[in-house]
Each structure stands twice: as structure tokens, then as C-alpha cells.
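These notes are about the structure you will find just below.
The values are calculated or read from the model by the stated rules, or taken from the named source; none is laboratory data. All of these numbers come straight from a predicted model, not from anything done at the bench. Using ideal geometry, Cβ is built from the backbone for each residue, glycine included, and neighbour counts are taken over all protein chains shown. Heads up: the accessible areas ignore ligands, DNA and RNA and are worked out on the full protein's heavy atoms, side chains in. Shrake-Rupley method; radii C 1.70, N 1.55, O 1.52, S 1.80 Å.
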Amino acid sequence: PAEEVDGAHVVINGRRMLQFASYAYLDLLGHPKIQAAAHAAMEEFGTGTHGVRVLAGTTKLHVELERTIAQFKQAEEAMALSSGYVANLGTIAALLGRNDVVISDKLNHASIVDGCLLARAKFVRFEHNDMEALERALGDAPKRAGKLVVVDAVFSMDGDVINLPDVIRLCRKYNAMLMVDEAHSLGVLGETGHGILQHFGIEDQDSIDIKMGTLSKTIPAIGGYIAGKSDLITYLKHSTRAFVFSAALPPPVAAAAKASFEVIEAEPERVRTLRSNVNYFINGLQERGFNTLKSETPIVPIIAGDDERAWMMAKLSQDQDIFVLPIVSPAVPVGTSRIRANVTAGHNLKEIEHAMNVFEQAGKAVGVLPS
């Protein structure tokens, strides 16, 4: 039955398990308003569009979705693409040329790295969240080169947050454009889930030139978006190959994504629940002796050390009906293999407590914690 669809549990081979490996941060999967919007869109428009956006693929749903995103992100306009990966890949490649410089945090998502490589600009990476290293990279760039700095808002393996105020200050000082990937901060950061600017209390919405995010983490759909000034979006809609040559989002997906933004606005208590769950989870793990790095978000790394221990911890947790997955090298540096546990607004405190006890037992069994 539909009421059993949620982001906090998963059924695997008939076993109902607590889900600690998904990005269902605000527990929107199966939300009646979102389900209803998708059903209505399928009834009216069917399952696909038979076209790319610039030819036959744009329905009123796509226009409404983009308007909703622009409003939510306080931008002039927005564009929706078929995935978060192509949003990064296509946008970076469309904005930069051979004589430009793109400067990227070392822990940025693979889609950003691939976009930087595809752009054929000079590609410079700086040490993670290191503002002195960022300033050196900006200072070393040729004065007349176009400069783009790209950062994740929340880093997907460590769960920490970029030092945005300093990034903005440095971009202004060196006349660089700034692109921020909010895949894991949309619906997560900020008092009402509006993202990283709200998190830092930054009023000036134009301090981020290119606002990127996904429709597949907090938002239970698929796709990516770019929001920004009208001129930027007009340019990108005609020059981003991943937009021009990709089919439009299926109507039920576009409708579900639009409804999701409306639910986040209408039910701010979800963001509050998430925040208190995150604090409870991180504090509880640290009290048990686990290293959770600098995470302050629902992405909580539980450091195991070597690959074998991470695999074993995940296996022991799954045996106790907690679904988590190990992240091992080369996805993370050697010696920092981990369980990446994602807590959501859909978990209650009893479930979180139970999960932490299971992780503690597993940690003791494999020697991550003293037994």
C-alpha cells in the first residue's frame, strides 16, 4: 500500500529495514500532495514529452517548475535539466573556453570535475575548504582570464559545509564568478530549508552567480536545475548541449518536483525535525566514541579506517536490519573508509537510538571502537 512508501525504511527480499543510505532528507517520498501532482500530470500529459525542450518538449508544467525553482532560490529565472550530473557537466562546459580558468574544491562532486575537464579551460583544484589555497589559486590566474569558482555547499562524503562567506569575499576581490552546487543543502540548510545563503544569513542573493541543485535528493524526483540572472539562463538554455540535446523531464517528474518545493514551503516543521535528528545522531555517535569528521548535516561519516572494517561494519549493521553502505577507497582517501549514514526527518528518536546502538556493536566487533 502507498502509505508504506517512505524514505526512512526499505524492504529488501521481504525484510523491512531502517534506511540509512538514502537522500530522503525531508521524508517527502510518498507524500500525498506530491503523489497526486504526479498522477494528475500523467493523466493530462502522459509519461513523456517526445521532444527536447527547445523543440516539442516544453509543457506548461516545465515552465511552472522553473518559475517555482526561481522563486524558491530567489533568482530571476531557472532552468531544469534531466539530471544533476548533466546540470553541472553542461553548465560548466557552456560557460568556459580555452582561455578561462576554473577553480574547484578538491572534494567537489565528480560531475563538477567532469564539467571542468569538458570545458577545456585551465583546471585548478584547491585543498578542501582552504581559503588561503583558494586565494592563491585566484591570485595565480591571469588577470584577463575569465574566472569561475565552483564549490559544493555540502560535501557528499564528509557532510561538512563550505565556508561560503569567505568564498564570496574572495570571488569579489578577484572578480571571479561563483557557482555553488546545492545538491545536498536544498531542504537541509537554512531555517526553512532554502539552502546555504539562508544558513549563513547572507541577504544578497546575487552573491552566488550560478545556483545549482538537484531534484533527486531532498526532492523525490529526478533532474537538476540552474538558477540565476535572466541573461545567464537565456544564454545557458541556448548553449548548454546537455539541455538543447536532451529530452525534457517526463511530465509526472516535473509535476512531482514542483509540488515538492511547495510542500517544503508549507511544512517547515520537516526542516526543524531534520535538524534536531541530525544533532541527536551526530552527538550520540561522538559520545559512543566514533569519529564523524566535521559533519554538521544529515550526511554523517562513521570512520572505520581500512576498507575491510567498513565492509564488515556495514554487513553487521545490515544483519541487524539497518541498511547502510560502506564507502571505501578510492572514493575516499585510503585510511578513511567509512559507513556513510544518512539520517532523515522520517526517522524517530527511538529508531535513531536503535541504529546508533547497532553501529556501536558493529564498531566494537570490528575493532573501530574498543570492546
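Restricted to the range 68-182, the set of strands (runs of 3 or more DSSP E) holding at least 2 residues that are of a type in the set (Gly, Ala, Ser) comprises 77-81. Here residue 283 clears all of (1) touching a residue at least 24 places away in the same chain (Cβ under 8 Å); (2) farther than 30 Å from residue 57 by Cβ except the condition numbered (1).
Candidates 67, 125, 136, 98: the one that is open to solvent by 60 Å² or more (accessible area, probe 1.4 Å), without any contact (Cβ under 8 Å) to a residue 24 or more places away in the chain, of a type in the set (D, E, K, R) and under 30 Å from residue 251 (Cβ atoms) is 67. Restricted to the range 13-33, and to residues there that are of a type in the set (S, T, N, Q) and open to solvent by less than 60 Å² (accessible area, probe 1.4 Å), the residue that is nearest to residue 219 (Cα to Cα) is 22. Could you tell me whether any residue of the range 268-282 is in contact with a Ser or Thr (Cβ under 6 Å, 6 or more places away or on another chain), open to solvent by 10 Å² or more (accessible area, probe 1.4 Å), within 24 Å of residue 209 (Cβ to Cβ) and modelled with pLDDT of 95 or more? Scanning the range 268-282 turns up no residue that is in contact with a Ser or Thr (Cβ under 6 Å, 6 or more places away or on another chain), open to solvent by 10 Å² or more (accessible area, probe 1.4 Å), within 24 Å of residue 209 (Cβ to Cβ) and modelled with pLDDT of 95 or more. Condition (residue is assigned to a strand (DSSP E or B) and touching a residue at least 60 places away in the same chain (Cβ under 8 Å)) applied to the range 46-59: is it met by at least one residue? Yes, the range 46-59 contains a residue that is assigned to a strand (DSSP E or B) and touching a residue at least 60 places away in the same chain (Cβ under 8 Å). Out of all the residues in the range 206-215, is one or more part of a helix (DSSP H, G or I) and not β-branched (Val, Ile, Thr)? Within the range 206-215, one or more residues are part of a helix (DSSP H, G or I) and not β-branched (Val, Ile, Thr). Screening the range 267-371 for helices (runs of 4 or more DSSP H) wholly inside it with 3 or more residues that are in contact with a strand residue (DSSP E or B) (Cβ under 6 Å, 6 or more places away or on another chain) returns the ranges 307-319, 349-366.
Okay, residues lined up against (1) within 21 Å of the chain's Cα centre (by Cα); (2) aromatic (Phe, Trp, Tyr); (3) at pLDDT below 95:
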| residue | (1), (2), (3) |
| --- | --- |
| 120 | no, no, yes |
| 128 | yes, no, no |
| 133 | no, no, no |
| 136 | no, no, no |
| 141 | no, no, no |
| 148 | yes, no, no |
| 157 | yes, no, no |
| 168 | yes, no, no |
| 185 | yes, no, no |
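Of all residues in the range 221-236, those that are open to solvent by 10 Å² or more (accessible area, probe 1.4 Å) have Cβ atoms under 6 Å from Cβ atoms of residues that are part of a helix (DSSP H, G or I), 6 or more apart or on another chain, in 221/253; 221/256; 221/257; 222/253.
Residue 288 fulfils the conditions (1) touching a Phe, Trp or Tyr at 6+ places or on another chain (Cβ under 8 Å); (2) under 25 Å from residue 28 (Cβ atoms); (3) surrounded by fewer than 17 Cβ atoms within 10 Å (Cβ to Cβ) except for a single criterion, (2).
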